[in-house]
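As structure tokens, the structure follows; a few thoughts come after it.
Derivation of every value follows stated rules applied to the coordinates shown; laboratory data play no part. This structure is a prediction, so every number in the text was calculated from the model and none was measured. Cβ atoms come from the backbone with ideal geometry, glycine included; neighbour counts cover every protein chain shown.
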Amino acid sequence: MALPLSRRQFLLGGLALGGSAALAACGRPDTTPVSSRSTPTTSSLSDAKAAKQLSAEPISLDIGGIEAKTWGYSLEGGSPAIDITAGDTLRVEVTNNLPESTSVHWHGLAVPNDMDGVPGMTQDPIEPGSSFTYEFQVNQPGTYFYHSHSGIQLDKGLHAPLIVRDPNDPGDYDVEWTILLDDWMDGVDGQTPEAELKMLQSMGSMSSMSAMGSGMMMSHGSGDYMLGGDTGDVPYPYYLLNQRIPSACRTFTAKPGQKAKLRFINAAADTIFKIALGGHTLTLTHTDGYAVEPTEVSSFYLAMGERADAIVTLDDGAFPLAAIAAGKDDRAFAVVRTGSGEAPSATTTFDELATAGTFLIDRRPAESSLLDVGTISRTSDIELTGQMMPYKWGITVDGESGPVTAAQGQNLRMTIHNATAMAHPMHLHGHTWSLPDSGGLRKDTILVLPGESVNADLVANNPGEWAFHCHNGYHMSTGMMTSLQY
Ligand SMILES: [Cu+2]
């Protein structure tokens, strides 16, 4: 379906919630007026019931002079980003204008089970031409996103930011930017995630010789020792920051000395990013929607499905914002500009990027984020299994194939052990864990490194069947998915 230009511009510009990201290309002088912090409009404050029409549809996406034929979301005909206030009831009627069935998952939000958007688990798939209405109250402020939970559709354009504002937020910042990171192949040079998945699965039937050859072809980068070396399975041609390749990147503008709030979302299917802003340290304030003890970092890792908020006081000049595709020798990129001067090159290296990245799991929670888990009344030993040859990933629960079970009201400790050679961002629906070894840090997506074990506690107070899976779309699609049931 061809789209009018205006529609494409909507999609591209719309990711910048608060309207504070300029669209100037990298390297071009930027005359965009300095933006100011977005304040909730009267309608969004009074709109206790945010009713929206969302279409999932074929789109043509300009990722910077390259046209990707893909699938995406359109909200009331415009940008798919959702911006609501905690306490609002969100009502979204999803119409499926795609040629195959779909679903919408509200990543990180503790919704009622039948609103969770997992086809075959919490609802029937939304068939082509039909609709499904999601409706739930949103109570937890923070940075979230929503995405398709059908097949490998996550690796197309079927995801968008979901920002939940805190009505009590003092708003101690001048500008706010939402930064959506993605790995991209769909609809460029005939590539599709579906074909990639088939290719990976076909490796299981190869002879060991050709499998080795294929393995060498697939070593598409120098690795990242912080993550255990092997950091991704798919060689993407592009990495995007707010839907743009580095050479046609976004420019975020502000005034020198202004405080910026950055909301980072990793919507990639197979890429962990290492993020840094040249000339600045970032003060991490939230992860997965929950406040942490503010900590200054030079660079940090953001795995698929994770989100992080940071505050930074901006210096005078033009600075590179880089998100290195870990282990893949490539990057997503943008420019932060507060003054005149030449824009940094999209391939620039800088000191902050060379620092050892910090992991979000090493942060400590703010007092306000703590969950009273009480005495653990049930434990479950989870093991992550699998490998590239044959391409098959899995989860065992207490030595069996799953699911994780509990009784309503129990305090459950899941001990997640990664027995594979790759890092896996493990995501649980309907809950936000409390991590006892991180002081009670709240996370809904935990990056578990090779050989590592992570304790993750929860209170079983939202009954249903909840997907529990790796947020690598290719791992999830080949077996690294089970559920929590009570
Ligand atoms: Cu995985």
Set Lys and Arg Cβ to +1 and Asp and Glu Cβ to -1, take the dipole of the chain about its Cα centre, and tell me which of 240, 338, 387 lies farthest positive. 338
For the pair residue 172 and residue 199, the simple spin-label estimate (label points 7 Å beyond Cα toward Cβ) gives in nm 4.9 nm
So what are the ³J(HN,Hα) numbers for segment 84-91, from phi and the Karplus equation (6.51, -1.76, 1.60; θ = phi - 60°), rounded to whole Hz, Gly and Pro as x? 10, 10, 3, x, 5, 8, 9, 10
Using the Karplus curve 6.51 cos²θ - 1.76 cosθ + 1.60 with θ = phi - 60°, work out ³J(HN,Hα) for each residue of segment 128-139 in order, rounded to whole Hz, and write x for Gly and Pro. x, x, 10, 10, 9, 10, 9, 8, 7, 7, 9, 9
Once you sort the root eigenvalues of the Cα gyration tensor of segment 129-188 as a ≥ b ≥ c, which label holds: rounded (a/c under 1.5), prolate (a/b larger than b/c) or oblate (the other case)? oblate
Using DSSP, restrict attention to beta bridges with both residues in segment 331-457 and report what percent are antiparallel, rounded to the nearest 5. 75 percent
Give the long-range amide H neighbours of residue 293: residues separated by 5 or more places, or on another chain, with amide H under 5 Å away, using H modelled in the peptide plane at 1.01 Å from N. 364, 366
Given H placed 1.01 Å from N in the peptide plane, which residues other than close sequence neighbours of residue 395 have an amide H under 5 Å from its amide H? 385, 481
Label-point separation in nm, residue 377 to residue 356, each point 7 Å along Cα→Cβ: 4.1 nm
In the chain, what % of DSSP beta bridges are antiparallel (nearest 5)? 75 percent
If the cut-off is a Cα-Cα distance under 17 Å, which aspartates and glutamates reach residue 443, setting aside same-chain residues fewer than 8 apart in sequence? 288, 293, 306, 309, 362, 367, 372, 452, 457
Pairs from 259/328; 69/198; 156/274 whose Cα-Cα separation, in the structure shown, is over 30 Å: 259/328
Among 486, 314, 97, which residue has its Cα positioned farthest towards the positive end of the charge dipole of the chain, with +1 placed on the Cβ of Lys and Arg, -1 on the Cβ of Asp and Glu, and the dipole taken about the Cα centre? 314
Segment 276-284 - phi-based ³J(HN,Hα) in whole Hz, Karplus 6.51/-1.76/1.60, Gly and Pro as x: 8, 10, x, x, 9, 9, 9, 9, 6
Answer in debye to the nearest 20: the dipole magnitude of segment 368-485 about its Cα centre, from +1 Lys/Arg and -1 Asp/Glu charges placed on Cβ, is 160 debye
Using the Cα centre of the chain as the reference point, and only Cβ charges (+1 on K/R, -1 on D/E), how large is the resulting charge dipole? Debye, rounded to the nearest 20. 680 debye
In what sequence do 164, 397 fall when counting other Cβ within 10 Å, fewest first? 397, 164
Alpha carbon centre of segment 292-335 versus segment 379-408: separation in Å? 32 Å
In Å, what is the Rg of the alpha-carbon atoms in segment 307-389, and how long is Dmax? 19.8, 60
If I take all pairs of Cα atoms in the chain, what percentage of them are more than 35 Å from each other? 27 percent
Defining a contact as two alpha carbons under 8 Å apart and six or more residues distant in sequence, what relative contact order in percent does the chain show? 15 percent
Search the structure for amide H atoms under 5 Å from the amide H of residue 440, placed 1.01 Å from N in the peptide plane, and list their residues when 5 or more places away or on another chain. 435
I need the per residue convex hull volume for segment 368-485, using only the alpha carbons, in cubic angstrom as a whole number. 92 Å³
